[in-house]
Amino acid sequence: MADLENTTHDFSVGHGKVILLGEHAVVYGRHALAVPVRLAVKANITDSDDGIHIYIPSWGTQVQLQQSPDNPHPMEETVTLILEQLGLMDQQMKIEVNANVNRAAGMGSSAALAVGIVRALNQHYQLNLNDHRVNTLAFECEKLAHGNPSGIDNTVATYGYPILFKKGKKNEPALIEKLTLGAPLPLVVGYSGVESLTLKMVARVAAARKKNPAIYQQIFDFIDSITLQGRDALQTGDWQQLGELMNVCQGLLNALQVSCWEIEEMIQVARQNGALGAKVTGGGGGGAFIALCPGNQQTVIEALNEAGYQAMEVTVNG
Ligand code: MEV
């Protein structure tokens, strides 16, 4: 069972996240609501005498930097960017990462990883980086991972509290509004078992939008208005209303074609077992779904398990 909380963060922790409302539309300047998954990624640095090594045991990753220049591991690009930006490319080190969040599951694992590593480097080399710098650097990493990220994943990964987010423009910083929840938020997160790259899903929505810009504009505006109503429901603890908004938002995410067979099945199972709302979270096309389950988290988890899906209770305090 995962413990999802609004909390102060440890030096080397990057938080995972779930988006409650607003994914994809947030890439086009609309609002999104997200809450952190506590302690998703924890990184640690030790000195080495033979180069730069990256270990992520739970993802089966074991890489030495610059050992296969013709076929670099995807992690190498991220770590190289971080080390170059921090002026640490001449150091020798072992970067060990404890990742408690599934990869490619729409839960912000890439951003949590970047934040965890930057924080661990900050601590080990005493770099004095503030949260803003950590967030900015993780955003650069997200551009490598996602192509055109809104910045919401790295922001939650860095600050670790529930937010209303709107991406920044050229001369305008991103909106990061810290939210206080009306009551602990009782979620279930289910995993479809299908890995899906946010990069691909964002590109897919971009291609579809290009063909029908007016239609997509309206869908994004509709999602924006649902998200802003969702912020109010979240702050007053009105789970009936939040659940309804999640269900309507799922209809719009279907219109964007970012759901999949497994997610749809999990949504039906959750709703039939009393979830007030259920939807895709994050990039979609696989990955994870969320269900709002006050008083019946265990019932919904058992029903999902019976249907063959992994699921966990995540209660957001704050
Ligand atoms: C990914 O967690 C959420 C998306 O909206 C992409 C982004 O905001 O960068 C799909």
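Worth pointing out:
- For the chain, a Kirkwood hydrodynamic radius built from all Cα pairs, placed in the Stokes-Einstein relation at 10 °C and 1.306 mPa s, yields a translational diffusion coefficient of 81 µm²/s.
- The mean sequence distance of close C-alpha pairs (under 8 Å, at least 6 residues apart), as a share of the length of region 185-316, puts its relative contact order at 43 percent.
- At 1.306 mPa s and 10 °C, Stokes D of region 6-147 from Kirkwood alpha-carbon radius, µm² per second: 102
- If R0 is taken as 25 Å, the Cβ-Cβ distance between residue 172 and residue 257 corresponds to a FRET efficiency of 0.25.
- Most to least packed among 14-25, 42-53 [average Cβ atoms within 10 Å]: 14-25, 42-53
- A crude spin-label estimate for the pair residue 48 and residue 144, with each label 7 Å from Cα along the Cβ direction, gives 1.5 nm.
- The count of lysine pairs in region 2-178 whose Cα atoms are under 19 Å apart, excluding pairs fewer than 8 places apart on the same chain, comes to 12.
- Cα-centred dipole magnitude for region 2-178, charges only on beta-carbon of K, R (+1) and D, E (-1), debye, nearest 20: 780
- Protein heavy-atom accessible surface, 1.4 Å probe, per residue over the chain: 43 Å².
- Net charge of the neighbourhood of residue 22, taken over other residues with C-beta under 10 Å away and scored Lys/Arg +1, Asp/Glu -1, is +1.
- For the chain, the 222 nm mean residue ellipticity estimated from helices alone, with every DSSP H stretch of n ≥ 4 adding -39500 (n - 2.57) and the total spread over all residues, rounds to -13000 deg cm²/dmol.
- Its relative contact order, with pairs defined as Cα atoms under 8 Å and 6+ residues apart, puts the chain at 25 percent.
- Distance from the alpha carbon centroid of region 289-318 to that of region 181-236 works out to 20 angstrom.
- Charge sum, other residues only, whose C-beta stays under 9 Å from residue 247's C-beta, Lys/Arg counted +1 and Asp/Glu -1: +1
- Magnitude of the charge dipole, the chain, Cβ model with Lys/Arg +1 and Asp/Glu -1, debye to 20: 960
- Take the chain and mark each of the chymotrypsin sites (Phe, Trp or Tyr not before Pro) that is in a DSSP loop with at most 15 other Cβ atoms within 10 Å; the longest unmarked stretch, sites excluded, is 126-318.
- Cβ-derived FRET efficiency at R0 35 Å, residue 194 paired with residue 126, nearest 0.05: 0.25
- The residue 208 and residue 310 beta-carbon pair, evaluated with R₀ = 35 Å, returns a calculated FRET efficiency of approximately 0.70.
The values are calculated or read from the model by the stated rules, or taken from the named source; none is laboratory data. Since the structure is predicted, the reported quantities are computational estimates derived from the model, not experimental observations. Positions of Cβ are generated from backbone atoms using ideal geometry, with glycine treated the same way; all protein chains shown enter the neighbour counts. When the accessible area is computed, the model is the full protein with side chains, heavy atoms only, and any ligands, DNA or RNA have been set aside. Shrake-Rupley method; radii C 1.70, N 1.55, O 1.52, S 1.80 Å.
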